[in-house]
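Engineer: I have a structure I would like to understand better, so I am pasting it below and will then ask my questions one at a time.
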Amino acid sequence: MSEIKIREVSGKKGTNEFIDVMWKIYDQKTFPQWVPPLRMSVYENLDTEKNPFYKRATIQLFIAERNGRPVGRIAAIDNKGHTEFHNEKTGFYGFFESIDDQEVANRLFATAEKWLLARGLDKMMGPMNPSTNHECGLLVRGQSKHPTIMTTWNPKYYETLHDQYGLLKAKDLVAYIIAREKNSELPPKVVSYVKRLRAQNSRVTFRDFDLKNFKSEVRNCFEIYNSAWEKNWGFFPMTAEEFEFAAKDMKMILDPRMAFVAEVDGKPAGFMLAIPDLNHVFKRIPDGKLFPTGIFKLLLGKKRVAMTRIVTLGVKPEFRGSGIFALFTFEAFERAHKYGYLAGEASWILEDNVAMNKPWTDLGAPQYRRWRIYEKQLTKTHEGATS
């Protein structure tokens, strides 16, 4: 077997090479479920000059090559926002891709470990692309289905590559599928329960996300986001700049009727963000490039998308315990029915977050995907990790 070389890359040229590795690992004939990402979106996630995430974090990109051909990649991430909030020395790996070769995977993981150790970190966790506020997790259940927008997909063998290296489960994230027939209804007991909740919570109202006052809405959602998720495993607060940076991309793709705000006595109490599953469109842009023709496929295909993904559902702590999560899920179902969405995915949800899992199970929605966050205590020696 020829020697594997690990190459450190950076800058615009190196980042584009790193992004291109995905097209060397996957092809849609062998992996028909794979959805090519938009290259510009991946670049934005890795752009250390323009992405405000990197004001508090450092990232290093590595490409594995055999006989001059890319066979894998990994990013090592020192996220100071996380380490300071949790007061722990945890580093991260992300953007992992590899052919089905344990030696390649081992070299990539060891390279990330060595880089993190050199920065004084004592644990490695991932995959994070690049953090829990972005795409994260290794898909361990649900590979047969094409992924929804802004979720990760990988072949089943990736799980073996992680397990054989000695990475251990830290936490699983789950997804529920809410599919309906044209004239389907919710279970009668659910409808009855929600009607009682509405009568008891008449102060709670829902309204569409107001695109005309986008900045103001984003500020309200930012306040809710950091307070709603503060106690969640793996959470660390986003800065206002980071939140606004993420929101500007959402503005281009969201359906404001499916991104709605809950108010109590007219004051924002929570919000739900559901976005059309544009992966159905991206599938028809195999090179991941919007120009020259991809943009037309996106604009035309966007109108035909009949599935949505519930990305975020957050409620301020003081408004919990009143059935508001059930009201949110019922509102989402009614809106989807009204506006022609035939299916929706709710993800990601921590596997042990009872308050967030219960509304979906009450609706009869099956849990159909699962992602895993891995962890590993770092060791002091990794001979030959880089070459």
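The values are calculated or read from the model by the stated rules, or taken from the named source; none is laboratory data. None of these values were measured; they are calculated from a predicted model. Don't worry about glycine lacking a Cβ; one is built from the backbone with ideal geometry, like all the others, and counts go over all protein chains shown.
Engineer: Has the range 285-294 got any residue that is in the same structural domain as R203 (by TED's automatic domain parsing), closer than 30 Å to D27 by Cα and part of a strand (DSSP E or B)?
Structural biologist: no
Engineer: Would you please list the contacts, defined by Cβ atoms under 6 Å and residues six or more apart or on different chains, that run from a residue in the range 132-151 that is closer than 14 Å to M307 by Cα and of a type in the set (V, I, T) to a residue that is part of a loop (DSSP other than H, G, I, E, B) and modelled with pLDDT under 95?
Structural biologist: Filtered contacts from the range 132-151: T148/D277; I149/D277; I149/L278.
Engineer: In addition: Can you go through K50, K145, K114 and tell me which one is modelled with pLDDT of 95 or more and either assigned to a loop (DSSP other than H, G, I, E, B) or among the β-branched types (V, I, T) (or both)?
Structural biologist: Result: K50 is the single residue among K50, K145, K114 that is modelled with pLDDT of 95 or more and either assigned to a loop (DSSP other than H, G, I, E, B) or among the β-branched types (V, I, T) (or both).
Engineer: Which of the residues belonging to the range 227-247 are surrounded by 17 or more Cβ atoms within 10 Å (Cβ to Cβ) and free of Cβ contacts under 8 Å to residues at least 40 places away in the same chain?
Structural biologist: Within the range 227-247, F243, A247 meet the criteria.
Engineer: Please indicate, with yes or no, whether at least one residue in the range 306-316 is assigned to a strand (DSSP E or B), more than 15 Å from I224 (Cβ to Cβ), outside the structural domain of E135 (by TED's automatic domain parsing) and not hydrophobic (A, V, I, L, M, F, W, C).
Structural biologist: yes
Engineer: Of the numbered conditions (1) assigned to a helix (DSSP H, G or I); (2) within 20 Å of V140 (Cβ to Cβ), R372 fails exactly one; give the number of that condition.
Structural biologist: That leaves (1) as the condition not met.
Engineer: Have a look at V218, V194, V204 and point out the one that is at pLDDT below 85, touching a helix residue (DSSP H, G or I) at 6+ places or on another chain (Cβ under 8 Å) and not small (G, A, S).
Structural biologist: Numbers: V218 fails: at pLDDT below 85; V204 fails: at pLDDT below 85.
Selected residue: V194, the only one of V218, V194, V204 that is at pLDDT below 85, touching a helix residue (DSSP H, G or I) at 6+ places or on another chain (Cβ under 8 Å) and not small (G, A, S).
Engineer: What helices (runs of 4 or more DSSP H) lie completely within the range 148-238 and have 3 or more residues being closer than 21 Å to I324 by Cβ?
Structural biologist: Numbers: elements: 157-165, 188-200, 214-228.
Because the criterion is at least 3 residues that are closer than 21 Å to I324 by Cβ, the helices (runs of 4 or more DSSP H) in the range 148-238 that meet it are 188-200, 214-228.
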